[in-house]
1. Using only protein heavy atoms and a 1.4 Å probe, report how much of ILE11 is accessible, in Å² to the nearest 10.
2. Taking only protein heavy atoms into account and a 1.4 Å probe, give the accessible area per residue of the stretch 1-55 in Å².
3. Any idea what diffusion coefficient the chain gets from Stokes-Einstein, in µm²/s, Kirkwood Rh on alpha carbon pairs, 4 °C, 1.567 mPa s?
4. Using DSSP to call loops (not H, G, I, E or B), can you name the chymotrypsin sites (Phe, Trp or Tyr not before Pro) in the chain whose Cβ has at most 13 other Cβ atoms within 10 angstrom?
5. Hey, with R₀ at 30 Å, roughly what FRET efficiency would ILE18 and THR38 work out to, going by the Cβ-Cβ distance, to 0.05?
6. What part of the accessible area of the chain, given as a whole %, is carbon or sulfur when the probe is 1.4 angstrom?
7. Restricting to DSSP H runs of at least four residues, report the calculated mean residue ellipticity at 222 nm for the chain, -39500 (n - 2.57) per run over all residues, nearest 500 deg cm²/dmol.
8. Could you grab the relative contact order for the chain? Cα pairs under 8 Å, six or more apart, rounded to a whole percent.
Amino acid sequence: MDSVERKLGLIENLFHIIHDFGGMIDVNVARIEGEIETNILRKALDLLQKRHPMLRVRIIELSDGAYFSSQ
């Protein structure tokens, strides 16, 4: 999956609307002991996004609805 350009489905759109009202916000916290180099952290995030492509998308609002976009 190189790029994603598609309209949100019914359930995805519902979650997007609920999120806009402030509900269902998920926060994850990780504690890293000791120092970690920036390049190591960047590499780890890049590998995670490569394995899970939907972590590379954002939601854009267009006149005909909300879309996932990886651009």
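The values are calculated or read from the model by the stated rules, or taken from the named source; none is laboratory data. Values in this document were obtained by computation on a predicted structure and should not be read as measured data. Every residue, glycine as well, gets a Cβ built from its backbone with ideal geometry; the counts of neighbours run over all protein chains shown. We work out accessible area using only protein heavy atoms, side chains counted, and drop any ligands, DNA or RNA first. Shrake-Rupley method; radii C 1.70, N 1.55, O 1.52, S 1.80 Å.
1. Surface open to solvent at ILE11 totals about 100 Å².
2. Values: 5300 Å² over 55 residues.
Each residue of the stretch 1-55 exposes 96 Å² on average to a 1.4 Å probe.
3. Estimated diffusion coefficient is 89 µm²/s.
4. The qualifying sites are PHE21.
5. Values: r = 35 Å, r/R0 = 1.16.
Here the calculated transfer efficiency is 0.30.
6. Result for the chain: 57 percent of the exposed heavy-atom area is carbon or sulfur.
7. Details: 2 runs with 25 residues, N = 71.
Calculated mean residue ellipticity at 222 nm is -11000 deg cm²/dmol.
8. Reported relative contact order: 52 percent.
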